[in-house]
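The structure appears below as structure tokens.
The values are calculated or read from the model by the stated rules, or taken from the named source; none is laboratory data. Being a predicted model, the structure only gives us computed values, none of them experimental. Cβ: placed from backbone, ideal geometry, glycine included. Neighbour counts: every protein chain shown. Surface areas here come from the heavy atoms of the whole protein model, side chains and all, with no ligands, DNA or RNA. Shrake-Rupley method; radii C 1.70, N 1.55, O 1.52, S 1.80 Å.
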Amino acid sequence: MSRVVIARNDGRIVGTLSLQTKKPWAIDPAHFTTVRKPLYLTTMFVAVERQGTGIGRRLLDEAMVIAREWPSDAIRLDAYDAEAGAGDFYAKCGFREVGKATYREVALRYFEMVL
């Protein structure tokens, strides 16, 4: 199962995120807290000109509401471990970094929010 959240401003899409119950290929569960029903944040986008305006944080707040209603007990994600990656943003929003890995030559940082 999956769920998509869309943020709009004046009818224009300015942000999205996707949650799903199926573990993505790049996630190594060994790094995460043992929980019964995790959700995975698989994609997140905020328009470049709207970054830093709170849209990303509001999308994550909505993701947490959805996770609690699903019901789920954690949100897990990976972020690129590079300057363009969003890892610092997720940490600022309360996600805990739980590990790093390289998958298919891509450096990743793993984050989770236990609910």
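Which whole-Hz ³J(HN,Hα) couplings does region 89-98 yield from phi under the Karplus relation 6.51 cos²θ - 1.76 cosθ + 1.60, θ = phi - 60°, glycine and proline marked x?
Result, rounded to whole Hz: 4, 4, 4, 5, 8, x, 6, 9, 6, 10.
Out of (i) 10.8; (ii) 7.2; (iii) 8.2, which label holds the value of mean projected area of the Cα convex hull in nm² that was computed here?
Computed from these coordinates, mean projected area of the Cα convex hull in nm² corresponds to label (ii).
Taking the Cα centre of the chain as origin, work out the dipole magnitude from +1 charges on Lys and Arg Cβ and -1 charges on Asp and Glu Cβ, in debye rounded to 20.
The calculated dipole for the chain is roughly 320 debye.
Classify region 48-103 as rounded, prolate or oblate, taking a ≥ b ≥ c as the square roots of the eigenvalues of its Cα gyration tensor: rounded when a/c is under 1.5, otherwise prolate if a/b is larger than b/c and oblate if not.
Working: a/c = 2.43, a/b = 1.14, b/c = 2.12.
Oblate, because a/c is 1.5 or more while a/b does not exceed b/c.
Taking amide H atoms as placed 1.01 Å from N in the peptide plane, list the residues 5 or more away in sequence, or in a different chain, whose amide H sits under 5 Å from that of Val98.
For Val98, the qualifying residues are Tyr110, Phe111, Glu112.
Would you work out which of Val48, Val35, Phe95 lies farthest towards the positive end of the dipole of the chain, given +1 charges on the beta-carbon of Lys and Arg and -1 on that of Asp and Glu, about the Cα centre?
Val35
For region 17-101, which whole-number percentage of the solvent-accessible area (1.4 Å probe, protein heavy atoms only) is attributable to carbon and sulfur atoms?
Within region 17-101, the accessible surface is 51 percent carbon and sulfur.
Would you mind computing Rg(Cα) / (2.2 N^0.38 Å) for region 1-44, counting N as its residues? Spell out each step's value before the answer.
Values: Rg = 13.4 Å, N = 44, 2.2 N^0.38 = 9.3 Å.
For region 1-44, the normalised Cα radius of gyration comes out at 1.45.
Ala7's amide H: which non-local residues (gap 5+, or another chain) put their own amide H closer than 5 Å, with H modeled 1.01 Å from N in plane and none for Pro or chain starts?
Val14, Gly15, Thr16
Taking R0 as 25 Å, what FRET efficiency do you get between Gln51 and Glu105 from their Cβ-Cβ distance, rounded to the nearest 0.05?
For R0 = 25 Å, the calculated efficiency reads 0.40.
Nearest 0.05, what FRET efficiency do Val65 and Thr33 give at R0 = 22 Å with Cβ-Cβ as r?
0.60
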